[in-house]
Amino acid sequence: MRVLPPLLRRKPAVAVLMCVPLFALILGLVAYPFFHALFLATLNKAETAFVGLDNFSFLFGRQTFWMVVRQSLLFALVAVVFKALIGLAAAHAINTIPTKGQRKWRGMMLIPWVIPPALSTLGWWWLFEPTYSAINWGLTKLAVPAVPWLSDTFWARFSIILVNVWVGAPFFLIMYLAALKSIPGELYEAAEMDGAGPWQKFFYITLPMIRNIIAITTLFSIIVTLANFDIVRVLTQGGPLNTTHLFATYAFRVGIESGDIPLGAAVSLFMFPMLAILAFIILRNVRRRAASLA
Amino acid sequence: MATKTTSRRIFMQSAGAAAAGALAAPYVKTATSAGRLKLGVLDHWVPGTNQALRQILTRWGEANGVDVSVDFITSLGNKPLLTAQAEARARAGHDIFMHSSAMVPLFKDRLVALDDVVEDILSTQGPIADVFRYAGHLDGSWRVSPAPTGTNCYATVARRDLFLEHAGVDLTELFPANDSRDPAKVESWDWEAFRNAAGALHAAGVPVGAPVAPIPDSTGWLTQLFAAYGAAVVDERGDVSVNSDPVREVLEYAIRLLEFLPDSVYAWDDAGNNRWIISGSGSAIFNPPSAWAVAKRDSPDVARHIWHCDSPRGPAGRFRTFNTIFWGLWDFSENQSAARDLLRYVAEPHVVAAMLDASQGYDLPMVLSHYDHTNVWADGQPPAGGLYNYAIRGDERPIVGGYPAPAEIGASITVQRVVSNLVARVTQGGDSIDAGISWAENELEGVLRG
């Protein structure tokens, strides 16, 4: 057997060495793009001169931008709430199924989450197609008026939220299911002996025990939902009247399609401070709760 | 758009000078010294056209010792623009890439000046229409060269049977397939007459369809509608002019016209209007002949009634929006000599004629003399003569999106979909005309920012 060099026999050195690929990935795929976006956001449209925060102050004067801010928050809030509720209900339902039969249900429920969203959204687009919607075809057969899924502001927003919930709810399901399985059964048995009903067990045992998972899952989902791109891009392209644009799709419209990369970078960076503050608050609470339990 | 008129004397002087230059410095093919050329071109809407172009390019490559590869890029989802952005930033990709009129200003600094190529073409084949010079000649030089395929315009593509039956309008009499137009009847075909017909067709359950969504086809027909009313969101000097009486007038008209169009037009993609007429649900759209060409294959009963016509006239005249497709040469191309040779070759009349035939008349040549080498619009059928008026035959003025603003501003107006959003706000979004104009003024600050 070959003997390792002295340096590699020291555990800290090995640990650092093994972390190098990870550091390289983070530097290359996270840190560099982030700082490059910051740099771009401080340039003029032609990317030839430094303009400081002018791009941000310009954005703040745009009606469309503030509409995008409002609808991004609306989209994220509504979608995350529904994903969390549906995920929790589905996790509970699956958790009650005997272990032997759970696997196939878990697999089926995960399908929307594992299909590439651009592909599954295309399927939804066929269902919502403005003129020949499959859903509307069914509705008219039932003598129900056709719904303007993608051409009316309310229904277009409803459609993109619906698809986002469909894609994202399984993530909550799997996280909640794992959390539910980690709760000791003795707690429920003791509660039953004390005469606790299903709701009492839910509110006094289940929820407190999975609170940290709920917080972290919600935080992660808010970040991913606010950064959503593919659903809006495929379904509405931001229309009608820009009323379904999110930060990412609006940044794309302004930066890539209109050739104003610095302004697009400013749009995409706008949500960073909001998400950073949100992450700080949620993670601080999680840490405090974990410390109090310890 | 600033319009230039070239007098015959000036044209002959230019042509003479160019011809003398050509004699003094004879054109020498250099492509045989080259290795590879990669092209990113439009994935054509008309079935069979891609294959014809590939064949032409392959043959040229074989004859000149150049390994030519072609990627056909769909215009759906703005993919040419996205690909161009990626290539321009990465400084890698194709050598020759397609550019619409809205793309040329965006990438002009990454495109090699092609004055030598275009001047060769113009000197040997004659002048080019002003609208193409406006779109492709920026900052004093040609940034792009005429493409052999892809340029099209937004004709009125209408069902002659439905117009006659339900609206009492005989389109074949208004726009016959020959030179015997009745000027008085053509003069009477204005946007009000069109709206009256749209109302009758709506009542008959076969409405007219035209998109008011953030897509190029919306820009196409709305640009010619706005121009017909003399309405400009930015004028030819580059000043914001959306707060004006002509804009109010055209928006009032749009509100009245869109009463008769299906609600789905606010969510159509670029294939929406094609599907509308091919399916038999609709009576008219504004489009190139791709819808007709596909209908010939998929829905022949519809195709045999489709008649291509002039745009309706407005108080300021009659206009036709062109979707111009050029080919440009990236500055990072390592094979510029062969690329220039190929650009010259694909502008030759026999190549353009071959592509016209392959595209069943969808493509419109940029060089005026190329219209003399084909009968494709007269011969296109069924119905006999239905394609004749796709090429401009009357008093329509060709324009491009963003008209009449300067080219770079016009491109921004086009890609940011300012006009279609403005129309949608007042016709569907519940905005008053004043509120819509106020929104557009705010939006145009973004368009004009340097």
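The values are calculated or read from the model by the stated rules, or taken from the named source; none is laboratory data. Since the model is a prediction, treat every value here as computed from it, not as a measurement. Cβ placement follows ideal geometry from the backbone for every residue including glycine, while neighbour counts extend to all protein chains displayed.
Using the structure shown, decide if residue A:137 is farther than 19 Å from residue A:80 by Cα, crowded, with 18+ Cβ neighbours inside 10 Å and within 14 Å of chain B (Cβ to nearest Cβ).
Details: farther than 19 Å from residue A:80 by Cα: yes; crowded, with 18+ Cβ neighbours inside 10 Å: no; within 14 Å of chain B (Cβ to nearest Cβ): yes.
So residue A:137 does not fit the description; no.
Identify all residues within the range A:118-134 that are surrounded by 20 or more Cβ atoms within 10 Å (Cβ to Cβ) and assigned to a loop (DSSP other than H, G, I, E, B); write none if there are none.
A:129, A:130, A:131, A:133
Is it the case that residue A:286 is away from every other protein chain (no Cβ under 14 Å), touching a helix residue (DSSP H, G or I) at 6+ places or on another chain (Cβ under 9 Å) and crowded, with 17+ Cβ neighbours inside 10 Å?
yes
Condition first: out of contact with any helix residue (DSSP H, G or I) (no Cβ under 7 Å at 6 or more places or on another chain) and within 23 Å of residue B:313 (Cα to Cα). Now tell me which residues in the range B:422-445 satisfy that.
Matches in the range B:422-445: none.
When the residues of the range B:387-402 are narrowed to those that are in a loop (DSSP other than H, G, I, E, B) and surrounded by fewer than 24 Cβ atoms within 10 Å (Cβ to Cβ), which ends up farthest from the other protein chains (Cβ to nearest Cβ)?
Only one residue tops the list, namely B:395.
Yes or no: residue B:299 surrounded by 24 or more Cβ atoms within 10 Å (Cβ to Cβ), more than 11 Å from chain A (Cβ to nearest Cβ) and either over 19 Å from the mean Cα position of the chain (by Cα) or of a type in the set (Val, Ile, Thr) (or both)? Outline the logic, then answer.
Details: surrounded by 24 or more Cβ atoms within 10 Å (Cβ to Cβ): no; more than 11 Å from chain A (Cβ to nearest Cβ): yes; either over 19 Å from the mean Cα position of the chain (by Cα) or of a type in the set (Val, Ile, Thr) (or both): yes.
No.
Identify the single condition in (1) touching a residue at least 12 places away in the same chain (Cβ under 8 Å); (2) more than 30 Å from residue B:87 (Cα to Cα) that residue A:199 does not satisfy, given that it satisfies every other one.
Among (1) touching a residue at least 12 places away in the same chain (Cβ under 8 Å); (2) more than 30 Å from residue B:87 (Cα to Cα), the lone unmet condition for residue A:199 is (1).
Condition check ((1) touching a residue at least 24 places away in the same chain (Cβ under 8 Å); (2) within 21 Å of the chain's Cα centre (by Cα); (3) surrounded by fewer than 21 Cβ atoms within 10 Å (Cβ to Cβ); (4) in the same structural domain as residue B:193 (by TED's automatic domain parsing)) across all residues:
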position	(1), (2), (3), (4)
B:224	yes, yes, no, yes
B:235	yes, yes, yes, yes
B:241	no, no, yes, yes
B:245	no, no, yes, yes
B:248	yes, no, yes, yes
B:251	yes, no, no, yes
B:255	yes, no, yes, yes
B:271	yes, yes, yes, yes
B:283	yes, no, no, yes
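Which condition number does residue A:62 fail, the rest of (1) surrounded by fewer than 16 Cβ atoms within 10 Å (Cβ to Cβ); (2) of a type in the set (D, E, K, R); (3) within 14 Å of chain B (Cβ to nearest Cβ) being met?
With (1) surrounded by fewer than 16 Cβ atoms within 10 Å (Cβ to Cβ); (2) of a type in the set (D, E, K, R); (3) within 14 Å of chain B (Cβ to nearest Cβ) applied to residue A:62, the lone miss is (1).
So which helices (runs of 4 or more DSSP H) stay within the range B:406-449 end to end and still have 3 or more residues that are within 23 Å of the chain's Cα centre (by Cα) and farther than 16 Å from residue B:253 by Cβ?
Result: B:407-415.
Within the range B:139-160, is even one residue acidic (Asp, Glu) and touching a residue at least 40 places away in the same chain (Cβ under 8 Å)?
Within the range B:139-160 (the criterion being acidic (Asp, Glu) and touching a residue at least 40 places away in the same chain (Cβ under 8 Å)), the answer is no, since none of the residues qualifies.
Would you mind finding the one in B:333, B:311, B:337 that is of a type in the set (S, T, N, Q) and part of a helix (DSSP H, G or I)?
Of the residues listed, the single one that is of a type in the set (S, T, N, Q) and part of a helix (DSSP H, G or I) is B:337.
Among the aromatic types (Phe, Trp, Tyr) and away from chain B (no Cβ under 14 Å), is that true of residue A:128? Outline the logic, then answer.
On the way: among the aromatic types (Phe, Trp, Tyr): yes; away from chain B (no Cβ under 14 Å): no.
When the stated conditions are applied, residue A:128 does not pass them.
When you go through B:92, B:113, B:135 one by one, which is the residue that is farther than 25 Å from residue A:36 by Cβ, assigned to a loop (DSSP other than H, G, I, E, B) and not assigned by TED's automatic domain parsing to the domain that holds residue B:398? Full working, then the answer.
Numbers: B:92 fails: farther than 25 Å from residue A:36 by Cβ; B:135 fails: assigned to a loop (DSSP other than H, G, I, E, B).
Only one candidate passes the filter, namely B:113.
Any residue in the range A:137-153 that is within 19 Å of the chain's Cα centre (by Cα) and in a helix (DSSP H, G or I)?
Narrowing the range A:137-153 to residues within 19 Å of the chain's Cα centre (by Cα): none.
Checking the range A:137-153: not a single residue is within 19 Å of the chain's Cα centre (by Cα) and in a helix (DSSP H, G or I).
Among the helices (runs of 4 or more DSSP H) lying completely within the range A:177-294, list those that include at least 1 residues that are among the basic types (Lys, Arg) and within 24 Å of the chain's Cα centre (by Cα).
Counting at least 1 such residues, we get A:207-226, A:230-235, A:261-293.
What pairs come up if the first residue lies in the range A:77-104 and is among the polar types (S, T, N, Q) and buried (at least 18 other Cβ atoms within 10 Å of the Cβ), the second is part of a helix (DSSP H, G or I) and at pLDDT 95 or above, and their beta carbons are under 9 Å apart, counting only those six or more places apart or on different chains?
Cβ pairs passing all conditions: none.
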